[in-house]
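I have placed the structure first, in the form of structure tokens, so that the comments after it can refer back to it.
Derivation of every value follows stated rules applied to the coordinates shown; laboratory data play no part. Fair warning: this is a prediction, and the values are worked out from it, not measured in the lab. Quick reminder, even Gly has a Cβ in these numbers, built from the backbone with ideal geometry, and neighbours come from all protein chains shown.
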Amino acid sequence: MADQPAKPRRHLPIIDDAWAHELDRQLDRSALHAHAAEINTLERVHDLAAWVFSAMELMMQKGLCTQAELREMNNRVKDSLKDRHWSKQVQLSLNGDPRDKYAQATNPVDCDARMHLCKGVCCYLEHALQVKDIQEGIVRWDHGRPYWIRKNAEGHCVHQERPSGRCGVFEARPLICRLYSCENDQRVWHDFAARIPNSEMIGKLMDGSFGDHLPEEPPPPRMIEDLPVIASSTPIDPEPR
């Protein structure tokens, strides 16, 4: 048998940090595009469902209906369907605060001096990102829970450097991270001025066993501050213009 010509060797790309970062950025952009398309589709389905359900209910009640009656019933049914809106179906969360994160003043908390006491526990708390964060491709988000800050297996933000506890993307950190101050957060400090940490609660926040609320306090948000996390109802442009 004649020797078969050798097949040309395939040269696989070298996987370095730059290549991996670009791959991750492309995945982010792809997810934004896919979610935008899904949002638009579900918005239309939601609107169609409101019309169909309202028409069916009127037909069952009267058998016939006028256009004005149908429109009135449509508005009523839309209100009743709010709890089943697309944002709850796709579990998509975005921080809808319109402020530019780079224009916000930094809270003057002496983090470096307190890190050995608070353990950088704020990096264990949950928050959703702004569209700008996604478009920049610097701050990482959880692909299983769009668009929440990404956590590692230990439960803290993937950008929190160990053992220093410092932020690895400090210049590009999200808006919530810039606005949050632990000064009045009872989960972190018994006495902020005296530097007495709430070690028990810090431990619960870090190991994920944090309860629904503080003792004798109304249920606090799992967020690191009180800014609302909302689901954006507008299409998301994967590329800033």
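Can you check what the net charge comes to around Arg140, using other residues whose Cβ is under 10 Å from the Cβ of Arg140 (Lys, Arg +1; Asp, Glu -1)?
Every neighbour counted, the sum reads -2.
Exposure proxy check: Met201, Met56 ranked by fewest other beta carbons within 10 Å?
By the 10 Å Cβ count, ascending, the order reads Met56, Met201.
How much net charge surrounds Asp112 when only the other residues with a Cβ under 14 Å from the Cβ of Asp112 are counted, with Lys and Arg +1 and Asp and Glu -1? Walk me through the numbers on the way to the answer.
Working: positive: Arg114, Lys119, Arg166, Arg195; negative: Asp110, Glu161.
Value of the local net charge: +2.
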